[in-house]
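Just so it is clear, none of the values below were taken in a lab; they were calculated from the coordinates. Worth saying up front: this structure is predicted, and the values here are computed from it rather than measured. For neighbour counting, all protein chains shown are included, and Cβ atoms are generated from backbone atoms with ideal geometry for every residue, glycine included.
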């Protein structure tokens, strides 16, 4: 199948990295394994999570990409991280090379943005 035939996901930009992490944690509480994607778009680091908006009208589901564009301070912290670690007693997030106590969400660094993700507005 050529990339022209592949349908693209619907991009949904979240308000903050904490919002994206909170969304990811709701998936982990249902027993699903979750990972976050890390890739670059127009020189900016994007953190995203693929999901499915189930039973969208007559469709079985609508594939979506929830994403956050990292700002300068976040970029510095997340650039070399392999995990986002969430403290279980508050909403504090840390960046780490290894899993730690709490909820560790893996960050998967992509060599390039896959063809299913459309161009994102990064301004």
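Some values worked out for this structure:
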read-out	value
From the C-alpha gyration tensor of the chain, square roots of 5λ in Å	24, 19, 12
Percent antiparallel among DSSP beta bridges (both partners in region 1-81, rounded to 5)	80 percent
Region 73-119 - convex hull of alpha carbons, volume per residue in Å³	106 Å³
Relative contact order of the chain, defined on C-alpha pairs under 8 angstrom at six or more residues apart (%)	31 percent
Ellipticity estimate at 222 nm from DSSP helix runs (n ≥ 4, -39,500 (n - 2.57)) divided over the chain, nearest 500	-4500 deg cm²/dmol
Top of 90, 19, 80 by mean-square fluctuation, Gaussian network on the chain, Cα under 10 Å	90
Full-extension gain in nm, residue 96 to residue 109, via 0.36 nm per residue minus C-alpha separation	3.3 nm
Inter-probe distance in nm under a simple model that places probes 7 Å from Cα toward Cβ, at residue 26 and residue 119	3.1 nm
Taking 67, 83 and counting other C-beta atoms within 10 Å, the order from fewest to most	83, 67
Nearest-ten-degree value, helix 17-28 long axis tilted from longest Cα axis of the chain	80 degrees
